[in-house]
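The values are calculated or read from the model by the stated rules, or taken from the named source; none is laboratory data. This one's a predicted model, so the numbers in the text were calculated from it and none came from an experiment. With ideal geometry, Cβ positions are generated from the backbone for all residues, glycine too; neighbour counts draw on all protein chains shown. When the accessible area is computed, the model is the full protein with side chains, heavy atoms only, and any ligands, DNA or RNA have been set aside. Shrake-Rupley method; radii C 1.70, N 1.55, O 1.52, S 1.80 Å.
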Amino acid sequence: MKKSLSFLSAVLLSAAVIYGCGLLNITGSHEPPVFMTWDTEGNIGSNKSDKEIAAYLAEMKEHNISGIFLVGSNEFYKRITPLANKTGIQIHAWRWTMNQPKQELMENHPDWYAVSKNNKSCVDKPPYVGYYRWLCPNNPEAIHYLIEMYKELAQIEGIAGIHFDYIRYCDIFLPVGLQPKYNLVQDHEMPEYDFCYCSRCRTGFAKEYGEDPMFITDSVMLEKWKKWRLNSIVNVANTITAEIKKVKDIHVTAAVFPTPQMAARMVRQDWGRFEMDAVCPMLYNQFYNEDINWIGECVRDGIETMEYKKDLYAGIMVNHVSEPDQFKAAIEIALDSGAKGIVFFNAVNMTAEQFEILKDFKN
């Protein structure tokens, strides 16, 4: 995600795992802990020379950052991957999944996009912010497009993994700490943020359960409709993962909301059933009006309740734990709670004191 995106985009990012020198096994134990960061082509600087980029990567490695989830063009991946591998840093291609604010797609395939309960397409009325343009997870042409996009990334030589973001529905509930910034009190499901009610989804659910979800009032049937949509995203995640693995057996990871239960309620995302190598719950505590102990609670909850067992890497917002003692404590709490490592949002915003603390974990 680019730094120029709005404050909302930082929390709505949906992160994973990167490894150190020598291709660490994502499912194995490793000492010292693995530290990663999300980053962008814009932050690193595609206009910089290879020498300058290599120096940046070397600085990351010196401070115990062993990998990068990177948003960038395919061309930049091809350029930076050999530089990173020489430095001992792995590059994972980080791309948005269901949120696709691409003008070409919206113009040529408006039917691919999700429709709110207010019967408004994301093409015509994006929820919350202008770049929120969500695909329908039950449109086979849209999912085929995503599969081909990720398969192309997997074929890039030297790429260590694929990282999903926004692999979910639009937020039916924002984190409680963010709602005032949008003049919202979301104590119930609001129709303008409730997706997807396109004709394909309505027909598909009605064929299975005999009711049009647009007009459901019965609580039991409403739960079935929620479950139906959870299953839709799980199917997308597992289908794309399987197709990537056919191309190359590389690591597949995803940025997800704090716990399976919170994710299911807030964004229709049941990541406990994602059949991939690891997940990175975004434990941005200030957005939830929580202290750092909450980070450990979420890690434990995720590990204990996920149905498909996989590694969990705790996503920490560096600006939310800016004091050195607080920063170190947040890391220790996450690791002591069972996290395999930490992924930071993001290293470009880390202070010198925070970087020095990371170096201490080498020993």
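Please tell me if residue 210 is at positive phi and either modelled with pLDDT of 95 or more or surrounded by 15 or more Cβ atoms within 10 Å (Cβ to Cβ) (or both). Steps first, please.
Details: at positive phi: yes; either modelled with pLDDT of 95 or more or surrounded by 15 or more Cβ atoms within 10 Å (Cβ to Cβ) (or both): yes.
Spelling it out, residue 210 is indeed at positive phi and either modelled with pLDDT of 95 or more or surrounded by 15 or more Cβ atoms within 10 Å (Cβ to Cβ) (or both).
Which condition does residue 172 not pass, out of (1) among the β-branched types (Val, Ile, Thr); (2) part of a loop (DSSP other than H, G, I, E, B); (3) open to solvent by 50 Å² or more (accessible area, probe 1.4 Å), if it passes all the others?
The single condition residue 172 does not satisfy is (3).
Which of the residues spanning the range 131-163 are part of a loop (DSSP other than H, G, I, E, B), out of contact with any helix residue (DSSP H, G or I) (no Cβ under 7 Å at 6 or more places or on another chain) and open to solvent by less than 10 Å² (accessible area, probe 1.4 Å)?
132
What residue, of 128, 113, is in contact with a Leu (Cβ under 7 Å, 6 or more places away or on another chain) and surrounded by fewer than 20 Cβ atoms within 10 Å (Cβ to Cβ)?
Answer to the check: 128.
Which of the residues that make up the range 175-199 are among the hydrophobic types (A, V, I, L, M, F, W, C) and outside any loop (DSSP other than H, G, I, E, B)? Before the answer, list the steps.
Here is the first cut: in the range 175-199, the ones among the hydrophobic types (A, V, I, L, M, F, W, C) are 176, 178, 184-185, 190, 195-196, 198.
Answer for the range 175-199, where residues must be among the hydrophobic types (A, V, I, L, M, F, W, C) and outside any loop (DSSP other than H, G, I, E, B): just 195.
Just checking, does the range 32-41 include any residue being of a type in the set (D, E, K, R) and either at pLDDT below 95 or open to solvent by less than 20 Å² (accessible area, probe 1.4 Å) (or both)? So that I can check it myself, show each step before the final result.
Within the range 32-41, the first condition is being of a type in the set (D, E, K, R), and the residues that meet it are 39, 41.
Filter once more, keeping what is either at pLDDT below 95 or open to solvent by less than 20 Å² (accessible area, probe 1.4 Å) (or both): 39.
Taking every residue of the range 32-41 in turn, at least one turns out to be of a type in the set (D, E, K, R) and either at pLDDT below 95 or open to solvent by less than 20 Å² (accessible area, probe 1.4 Å) (or both).
Please identify the pairs in which a residue from the range 258-281 that is within 16 Å of residue 170 (Cβ to Cβ) has its Cβ atom under 7 Å from the Cβ atom of a residue that is crowded, with 20+ Cβ neighbours inside 10 Å and of a type in the set (S, T, N, Q), counting only partners at least 6 apart or on another chain.
263/269
Going through the range 304-328 one residue at a time, which ones are surrounded by fewer than 17 Cβ atoms within 10 Å (Cβ to Cβ) and assigned to a helix (DSSP H, G or I)?
If the condition is that a residue be surrounded by fewer than 17 Cβ atoms within 10 Å (Cβ to Cβ) and assigned to a helix (DSSP H, G or I), then 304, 305, 319, 324, 325, 326 are the ones that fit.
Here is a list of conditions, (1) more than 21 Å from residue 92 (Cα to Cα); (2) open to solvent by 10 Å² or more (accessible area, probe 1.4 Å), and residue 296 meets all of them except one; can you say which number that is?
Against the list (1) more than 21 Å from residue 92 (Cα to Cα); (2) open to solvent by 10 Å² or more (accessible area, probe 1.4 Å), residue 296 comes up short only on (2).
Go through the residues of the range 237-255 one by one and say whether even a single one is within 16 Å of the chain's Cα centre (by Cα), open to solvent by 10 Å² or more (accessible area, probe 1.4 Å), at pLDDT 95 or above and of a type in the set (S, T, N, Q). Reasoning before the result, please.
Filtering the range 237-255 down to residues within 16 Å of the chain's Cα centre (by Cα) leaves 237-238, 240-241, 251-255.
Cutting the leftovers down to open to solvent by 10 Å² or more (accessible area, probe 1.4 Å) gives us 238, 251.
Next, from what is left, pick out any that are at pLDDT 95 or above: 238, 251.
Those left that are additionally of a type in the set (S, T, N, Q): 238.
Yes: one or more hits.
I'd like to check something: does the range 333-341 contain any residue that is touching a Leu at 6+ places or on another chain (Cβ under 8 Å), open to solvent by 30 Å² or more (accessible area, probe 1.4 Å) and at positive phi?
yes
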